[in-house]
Ligand SMILES: [Ca+2]
Ligand SMILES: [Ca+2]
């Protein structure tokens, strides 16, 4: 590497780091973070890959879109690519249920289906978003798309943490009694 190449590497490196640091985008409205992953996977593989990611101690999950604001935010600020979201009607045709994140098990209360969708054309059991502008479509879960990982919940304390907290509180109570 000559001097020019070293100078170039030093100039480019911080830019690369800055781009990486901004992979997760904060939605100030709900405090959740979102990360677009370009790698094309099947729906179930995207569910698993999202759950394997974590950010600031929060476990990721395949995105759940539960409001107009969240839908707009993803399209405008995270990605406008067509991406998987964590909903399925595989268990009961026509009943769309979130399978991921804090909403796992909840029937969709907010939807943004494109006109004529979901149409279950050839048995389509998974939802992808940003399909037609900001609208959604049901599609075969074996198709391959990129995906958005959402991060929202603080990690759930391990049972051992509660035990330590209890010991800590008992210790403080004892200290308070001794002071009196
Ligand atoms: Ca969500
Ligand atoms: Ca469809």
Kindly check whether there is at least one residue in region 130-139 that is exposed (fewer than 14 other Cβ atoms within 10 Å of the Cβ), touching a residue at least 24 places away in the same chain (Cβ under 8 Å) and closer than 20 Å to residue 47 by Cα. no
Might you check whether a residue that is over 17 Å from the mean Cα position of the chain (by Cα), within 16 Å of ligand 1 (Cβ to nearest atom) and closer than 24 Å to residue 25 by Cα occurs anywhere in region 113-133? no
Within the bounds of region 34-52, is there any residue that is within 16 Å of ligand 2 (Cβ to nearest atom) and either in contact with a helix residue (DSSP H, G or I) (Cβ under 8 Å, 6 or more places away or on another chain) or more than 19 Å from residue 137 (Cβ to Cβ) (or both)? no
Give the residues of region 92-131 that are away from ligand 2 (no atom under 16 Å from the Cβ) and closer than 14 Å to residue 62 by Cα, sorted by residue number. 97, 98, 99, 100, 101, 102, 103, 104, 105
Considering each of 84, 136 in turn, give the residue that is closer than 20 Å to residue 34 by Cα, outside any loop (DSSP other than H, G, I, E, B), within 16 Å of ligand 1 (Cβ to nearest atom) and under 15 Å from the mean Cα position of the chain (by Cα). 84
Under 9 Å by Cβ, and 6 or more places apart or on different chains, what pairs join a residue from region 105-122 that is farther than 21 Å from residue 70 by Cβ and in contact (Cβ under 8 Å) with a residue 60 or more places away in the chain with one that is part of a loop (DSSP other than H, G, I, E, B) and within 8 Å of ligand 2 (Cβ to nearest atom)? none
A careful count of residues in region 98-116 that are at negative phi and either part of a loop (DSSP other than H, G, I, E, B) or touching a helix residue (DSSP H, G or I) at 6+ places or on another chain (Cβ under 9 Å) (or both) gives 11
Those residues that are assigned to a strand (DSSP E or B) and either without any contact (Cβ under 8 Å) to a residue 12 or more places away in the chain or within 10 Å of the chain's Cα centre (by Cα) (or both), I need them from region 38-54; list them, please. 54
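Can you spot a residue in region 66-76 that is assigned to a loop (DSSP other than H, G, I, E, B), within 10 Å of ligand 1 (Cβ to nearest atom) and either surrounded by fewer than 19 Cβ atoms within 10 Å (Cβ to Cβ) or at pLDDT 95 or above (or both)? Reasoning before the result, please.
We begin by selecting, within region 66-76, every residue assigned to a loop (DSSP other than H, G, I, E, B); these are 66-67.
Next, from what is left, pick out any that are within 10 Å of ligand 1 (Cβ to nearest atom): 66-67.
Subsequent filtering for residues that are either surrounded by fewer than 19 Cβ atoms within 10 Å (Cβ to Cβ) or at pLDDT 95 or above (or both) retains 66-67.
Scanning region 66-76, I find at least one residue that is assigned to a loop (DSSP other than H, G, I, E, B), within 10 Å of ligand 1 (Cβ to nearest atom) and either surrounded by fewer than 19 Cβ atoms within 10 Å (Cβ to Cβ) or at pLDDT 95 or above (or both), so the answer is yes.
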Residue check: is residue 24 within 20 Å of residue 138 (Cα to Cα), at pLDDT 95 or above and in contact with a strand residue (DSSP E or B) (Cβ under 7 Å, 6 or more places away or on another chain)? no
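The values are calculated or read from the model by the stated rules, or taken from the named source; none is laboratory data. None of the values given here were measured: they were computed from a predicted structure. Please note: Cβ atoms are built from the backbone with ideal geometry, for glycine as well, and neighbour counts cover all protein chains shown.
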